[in-house]
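Only one structure is covered here, and it is reproduced in the block below.
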């Protein structure tokens, strides 16, 4: 995913700065991948903006309990995952991800819950990697700080997106070199509940007995629903780009782009508010694929599910399956950075 304003790579590998000069505590998160250490403040100095204490009702409604069936009442998913990335044909890598099969222990959450508790995310940066790195670290922190998690998981994750965007605006005001933006897609598995929050054009697809079920929509400016929202917010779509600048309708960051966002209000044509989709997992649900738009440029949803299902039948390894998807996307000449997470819900391979 890219903008149309001359995207630049990272500048001097500058990490996301703390939100407060007084917040100097550095913490680390155990992930299923290794990255350069990035200082992150997770103190309570990340004060919630008053307008974000209660997230407003989303314009696309949450759909709870889809696909739940009585004979699956005792089903408990066995969560295992793998991820793979590749810079592709770009000069810099701006895709980052989170892959935490045990979210509570990995992030030190206080509110324990029975059964699976996993967090996965793909963040596709543009104009640099800073917003993507910042978002990857802070969305889990805001979820951790919310006492309503995991009881009100949909509200909590939507609020975390908006709080992260507001926090990045403050960080950018302190350091203009952080100017950048990112799409964000997060998927949580809490017990049997799969909750997906998406802002941008990353995508997650569920495989249910070989059938692809989209669990997110691509937020492109040319989509009729997004176009209506953009125009109602004072923006416009030109040649498929939001205000002629950006080829996504929702993203975090991009506070440096004039006319896209308005501080301390609900206005602005570029929205950081995620669209939520929720589903109760059943024993028919085999795996999900989470990918940045570089994957979906060359795969249709069903095509990706068919491809991944065959690979899992061969080796039953989500890490290898993620690599297989990336390698195939490169063979198909995807021109973007590539990031894929495959999350399996069964111990056995697809039948």
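Bear in mind that the values in this text are calculations on the coordinates, not laboratory data. From a predicted model like this one, the values you see are computed outputs, not experimental measurements. When we count neighbours, we look across all protein chains shown, and the Cβ atoms used for this are built from the backbone with ideal geometry, even at glycine.
Just a few scattered comments:
- Highest mean packing comes first when the peptides 100-108, 84-92 are listed by Cβ atoms within 10 Å, giving 100-108, 84-92.
- Convex hull of Cα atoms in the range 61-344, direction-averaged projection (nm²): 14.6
- Computed packing ranks the peptides 132-140, 152-160 as 132-140, 152-160, most packed first, by mean other Cβ atoms within 10 Å.
- Distance (nanometres) between label positions extended 7 Å along Cα→Cβ at residue 283 and residue 91: 5.5
- If the Kirkwood radius is taken over C-alpha pairs of the range 84-236, then at 37 °C and 0.692 mPa s the Stokes-Einstein diffusion coefficient equals 195 µm²/s.
- The order of the peptides 198-205, 174-181 by mean Cβ neighbours within 10 Å, most packed first, is 198-205, 174-181.
- Estimated distance in nm for a label pair at residue 102 and residue 330, the labels positioned 7 Å out from Cα along Cα-to-Cβ: 3.3
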